[in-house]
Amino acid sequence: MPVHHINNISAAILAGGKSTRMGRNKALLKINGKSLIAHVYEALKSLTKEICIIGSSAEEYDFLNIPVFPDMIASIGPLAGIYTALSRSNKSHCFVVACDMPFISKKLLIKMAENIKPQTITTIRTTKGLEPLCSIYPGEALAITKKLVHKKQFRTSRLFDHLPTIEIPVTEVPFGDHVLFNINTPDDLSDALSQAGDS
């Protein structure tokens with residue numbers, strides 16, 4: 001697929017989790033010879049040149065040659081990654097994607113990016129609900145994230161309660177929920193390798 005850069009979007013890959021259920025850094029696990037985080041990076045490259053990683057191990061991601069920033073707030077989970085991503089972004093919108101979605105679709109990301117509106121979150125509605133870790137957040141979400149942190153409300157889904165949200169049904173893109181399959185456990189990895197035809 002050709003590059004389809006969109007000028008007012010930056011992107012951040014969240015890789016700050018402790019991977020406790022996996023027992024090792026899941027971002028570096030490989031499917032079809034490529035790390036999970038590299039799969040996500042390749043998809044995001046279709047949208048923007050301004051991509052960073054939110055994580056604590058900069059040296060581990062040297063092979064991607066993009067900036068790595070640690071969470072600005074410790075021990076509150078993915079909301080810290082979203083907060084840090086928005087704080088680092090100099091664009092009107094920031095595309096936030098978890099590092100553990102190796103089947104992420106370029107077509108899906110482009111469809112989302114082409115639907116952005118001012119002061120509005122663009123996200124995916126899956127069979128499980130809205131997906132906060134594959135969403136485009138407007139700059140205005142930073143102030144809301146700060147308020148949630150202050151109130152110790154750390155669930156990322158709370159962001160959808162405070163801003164207008166465009167919901168794209170995952171059924172409207174090829175392969176449906178498969179594109180957002182995420183890997184947290186060894187069993188998830190086995191399933192992903194089977195789906196990818198890897199061994």
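The values are calculated or read from the model by the stated rules, or taken from the named source; none is laboratory data. A quick note: this is a predicted structure, and the numbers were derived from the prediction, not measured. Positions of Cβ are generated from backbone atoms using ideal geometry, with glycine treated the same way; all protein chains shown enter the neighbour counts.
Annotation: of all residues in the range 65-94 being among the aliphatic types (A, V, I, L, M) and touching a strand residue (DSSP E or B) at 6+ places or on another chain (Cβ under 7 Å), the one that is surrounded by the most Cβ atoms within 10 Å (Cβ to Cβ) is ALA85. Screening the candidates ILE168, ILE136 for the property of being within 15 Å of PRO78 (Cα to Cα) and assigned to a strand (DSSP E or B) yields one hit, ILE136.
Consider the range 1-32 and keep the residues that are part of a strand (DSSP E or B) and of a type outside the set (Val, Ile, Thr). The one that is modelled with the lowest pLDDT is LYS30. Residue check: is ILE166 surrounded by fewer than 17 Cβ atoms within 10 Å (Cβ to Cβ), more than 17 Å from ALA12 (Cα to Cα), in contact with a helix residue (DSSP H, G or I) (Cβ under 9 Å, 6 or more places away or on another chain) and of a type in the set (A, V, I, L, M, F, W, C)? Yes; evaluated as a whole, the condition is true for this residue. Quick one: is SER56 modelled with pLDDT under 95, farther than 24 Å from ILE168 by Cβ, among the polar types (S, T, N, Q) and in contact with a Pro (Cβ under 6 Å, 6 or more places away or on another chain)? Answer is yes for this residue.
Per-residue answers, yes or no, for (1) in contact (Cβ under 8 Å) with a residue 60 or more places away in the chain; (2) more than 21 Å from LYS26 (Cα to Cα); (3) of a type in the set (Lys, Arg):
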position: ILE54; (1), (2), (3): no, no, no
position: TYR61; (1), (2), (3): no, no, no
position: PRO67; (1), (2), (3): no, no, no
position: ASP71; (1), (2), (3): no, no, no
position: PRO78; (1), (2), (3): yes, no, no
position: ILE82; (1), (2), (3): yes, no, no
position: SER87; (1), (2), (3): no, yes, no
position: GLY129; (1), (2), (3): no, yes, no
position: LEU142; (1), (2), (3): no, yes, no
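Does VAL149 qualify as being within 20 Å of ILE37 (Cα to Cα) and either modelled with pLDDT of 90 or more or of a type outside the set (Val, Ile, Thr) (or both)? Answer is no for this residue. Within the range 170-187, the presence of at least one residue that is without any contact (Cβ under 8 Å) to a residue 40 or more places away in the chain, farther than 17 Å from THR122 by Cα, exposed (fewer than 13 other Cβ atoms within 10 Å of the Cβ) and not aromatic (Phe, Trp, Tyr) is confirmed.
For the range 95-117: of the residues being hydrophobic (A, V, I, L, M, F, W, C) and over 10 Å from the mean Cα position of the chain (by Cα), which is surrounded by the fewest Cβ atoms within 10 Å (Cβ to Cβ)? Among those residues, the one meeting the criterion is ILE110.
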